[in-house]
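Notes follow once the structure below has been shown.
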Amino acid sequence: MKDVTLNQKEQARLSVLNSVLEYQVPIAQAAEVLGVSPRHARRMLAAYRERGAAALAHGNRGRRPHNAVPPAEAAAVVELATERYEGANHTHLTELLSEREGIDLSRPTVRRILTKAGIGSPRSRRSPQHRFRRPRMPQAGMLVQLDGSHHAWLEDRGPKFALLLAVDDATSAVVNAVFCISENTAGYFTLLEGLIEGWGIPLALYSDRHAVFKHNARKPETAAEATQFTRGLQELGIRQIFARSPQAKGRVERAAGTFQDRLVTELRLADARTMDQATAVLQDFLPRYNARFAVQPDHPEPAYRPAAPDLCLPEILCFKDTRKVARDNTVKYNWRVLQLLPDQERTSYAGLRAEVLERPDGEIIVRYEGRRVVTQEPPPRMGALWAGVTAWSPGPELRRVVSSVGDHHISRSQQQHLAALEPVRPAEAAAKGNAYKIAGEKDADRTVSDSWERTPTPTQLARWKAIRQARLKGLSLQAISRELGIARNTVRKYVHAEKPPTKKLSAKERDRLMALRKSTAVAS
């Protein structure tokens, strides 16, 4: 008989059977201790007397299961996983083995074979994290959650816009809310300014990773740059915290859901149709909302910091950029030019780097070393004065041109821009007697030019008038190119031309025109 190792349960049975053989315990009581019937207990005792302790071991011990994977098949799976199908995950490998190799195994079986062979899945998975509810902050003002809600607030009565919310984490009170066209930096500047004026400066702001709060570029050096909103928070000493899931900022998310339910009804009852009307309803709704849903914090003393009397919020919560002052003491910002005037501190700022601020109300301020510099609009450039010699006088002609160039590869934004200009042909052009026939117009006073050039198309004529009108404003070639969406070389060609540029007629077309003129002369 070979040696057999008994487990704890089998050793306990052996001890009870020995007690029965020594007449210490009756068989009926032994069966009750073993948890079996008296008949089975007598059967176990007979087997123990015949074969010894080995009779108490399970009969299948040492036997191979009938459904076990053969060793050769398991070795084939390991070999295929490391050679032909290297890099395939366990699920994909199971499908490949069944489709191409005829090895039908389940995914857990394949995983068990590979894990036993020391081969892990090439696709690493993050282990599930334990999540729990974050407790509220003990004081109001310690943390304020920000988020934007895009919703049809006016339903079908007006345009769509976004609602920006600021919710205090300790009390769930909406400390400020504003409507804006979209979720942008200017809207969040307005939201934060109203929050500070009404409650104070919070210690931290909690938001998602929207582009307003964080650069989401792929380049690491760009992602590390601070946005305009982040720069404003740093100047105010407010800590910025990013949420990694919508559930993390659940208070403002739930507040937005409540607003989408209750505020929409309030706006419908007030028959609000514009953003201004919706804002008036919102200001009346906020106190009632906070009275209904706000809770008391653990500590009644708020943590909001009062703003200093000399703190100018519009010059902090604004767009700030650095510009190099040109030699003529001018700076350019968003297609605008500002002339820096001398003062007692400096007579010239040429070559220096000044700070340009665009306030929420649209005012542009220039500062140097923290000091505000007096500016004014510069005089027009020489190009604008030269263009005024052949200026186009305003008139309704271009609107007809624009309406006829819809199928000539001009975008809708270009059509709107051209229609807003509405220039007409200058008086000196009419004196020359060379008018240009516009497609779709019937004008008896217009004649065909005698030159061997084509008649300008509606697109060419519209571009010609738009570029001439833009030159009157003093815009550069690059500015005109960006504003109209036309290549700079094309803009340069139109600027230096005395009339709308057209292609010359080919020899074949000239022959046809000569034949037409001869036949017209003979008929007359």
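The values are calculated or read from the model by the stated rules, or taken from the named source; none is laboratory data. Remember, it's a predicted structure, so these values are computed and weren't measured experimentally. Virtual Cβ from ideal backbone geometry, glycine too; neighbours counted across all protein chains shown. The area values use the complete protein model at the heavy-atom level, side chains included, leaving out ligands, DNA and RNA. Shrake-Rupley method; radii C 1.70, N 1.55, O 1.52, S 1.80 Å.
Observations on the model:
- log10 of Debye I(q)/I(0), alpha-carbon scatterers only, for the stretch 78-153 at 0.25 Å⁻¹: -1.17
- Were the residues from T279 through K493 laid out at 0.36 nm apart, the gain over their Cα-Cα distance would be 72.1 nm.
- Evaluated at q = 0.15, 0.20 Å⁻¹, the base-10 log of the normalised Debye intensity for the stretch 9-93, with identical point scatterers placed on the Cα atoms, takes the values -0.62, -0.90.
- The figure for D511 is an accessible area of roughly 100 square angstrom, using a 1.4 Å probe on the protein chains alone.
- Here the calculated FRET efficiency for L21 and N60, from their Cβ-Cβ distance with R0 = 30 Å, stands at 0.70, rounded to the nearest 0.05.
- Cα shape, the stretch 22-151, gyration tensor, a/c 1.5 rule: oblate
- Set of aspartates and glutamates near K493 by C-alpha distance (under 20 Å), chain-local residues within fewer than 8 positions excluded: E453, E483
- Computed from the C-beta positions of R134 and E363, the FRET efficiency with R₀ = 56 Å rounds to 0.85.
- In a fully extended conformation the segment linking R42 and D104 would gain 17.7 nm over its present Cα-Cα distance, using 0.36 nm per residue.
- Candidates per trypsin sites (Lys or Arg not before Pro) in the stretch 264-349, loop by DSSP, up to 15 other Cβ within 10 Å: R273, R327, R346
- With R₀ fixed at 22 Å, the C-beta to C-beta distance from A350 to R371 puts the FRET efficiency at about 0.85.
- When only alpha carbons of the stretch 261-309 are considered, Rg and Dmax amount to 15.5, 42 Å.
- H215-E155 pseudo-label distance in nm [points 7 Å out on the Cα-to-Cβ vector]: 4.5 nm
- 29 Å Cα-Cα threshold exceeded, pairs from K465/K508; K324/K473; K160/K214: K465/K508
- The residues of the stretch 200-291 present an accessible area of 54 Å² per residue when probed at 1.4 Å with all protein chains retained.
- Fraction of accessible area attributable to carbon and sulfur, the stretch 301-383 (%, probe 1.4 Å): 49 percent
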